[in-house]
1. Let me check against my output: what whole-number percent is the relative contact order of region 69-138, with C-alpha pairs under 8 Å and at least 6 apart?
2. List the residues, sorted by chain then number, that are 5 or more residues from residue 105 or on another chain and whose placed amide H is less than 5 Å from its amide H.
3. Measure up 41/75; 45/104; 54/97; 56/102; 41/97; 56/114 against 23 Å on the Cα-Cα distance and list the ones that go over.
4. Can you compute 3J(HN,Hα) from phi for each residue in region 65-78, using the Karplus curve 6.51 cos²θ - 1.76 cosθ + 1.60 with θ = phi - 60°, rounded to whole Hz and x for Gly and Pro?
5. Leaving out ligands and nucleic acids, and using a 1.4 Å probe, what accessible area per residue does region 48-138 come to in Å²?
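The values are calculated or read from the model by the stated rules, or taken from the named source; none is laboratory data. Note that this is a predicted model, so its numbers are computed, not measured. Each accessible area value is taken on the protein alone, full model and side chains, heavy atoms only, with ligands, DNA and RNA left out. Shrake-Rupley method; radii C 1.70, N 1.55, O 1.52, S 1.80 Å.
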Amino acid sequence: MSEEININNIEDDSSKTITGKTSGFPSPAGDYLAIGIDLNKELVKQPAATFFGKAKGNYTDNFGIYNNDILIIDKSLQPRNNDIVVCYIDGEFTLRKINFEKNKIFLSDNVNKKILLNDNIIIWGVVTYSIRELRTDN
């Protein structure tokens, strides 16, 4: 049985079709693979306001974000309760969870230490996706 897999090159937007023999039964996702996935279309809703960042350190484990995860950050979004946001605090970008409580805005870190949002803190953008490499060198 031959299967065709359509692979889209992200850089030049060209498509290539690979045909080969497979064993076993056809993949239930076979139709989905033929369509191709444009990651920009799937993950970036506002291209002019979207930035990519990389998490450093594991201090954000409670957020589900780990060292070297690629973050997609949308500056156009209004933060909602429990969003993970990129903040600019004391001259550094850092990740915090935002909470709205009784007309006040709190930012919490990995150990749930809360700080009250003040004029010295800038909420830079909302993290919309975290992409993690599953294959490691180990």
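1. Result for region 69-138 is 41 percent.
2. Correct list: 117.
3. 45/104; 56/102; 41/97
4. Karplus values, whole Hz, x for Gly and Pro: 10, 10, 3, 6, 4, 8, 9, 9, 10, 10, 7, 7, 7, 7.
5. Per residue, region 48-138 has an accessible area of 69 Å².
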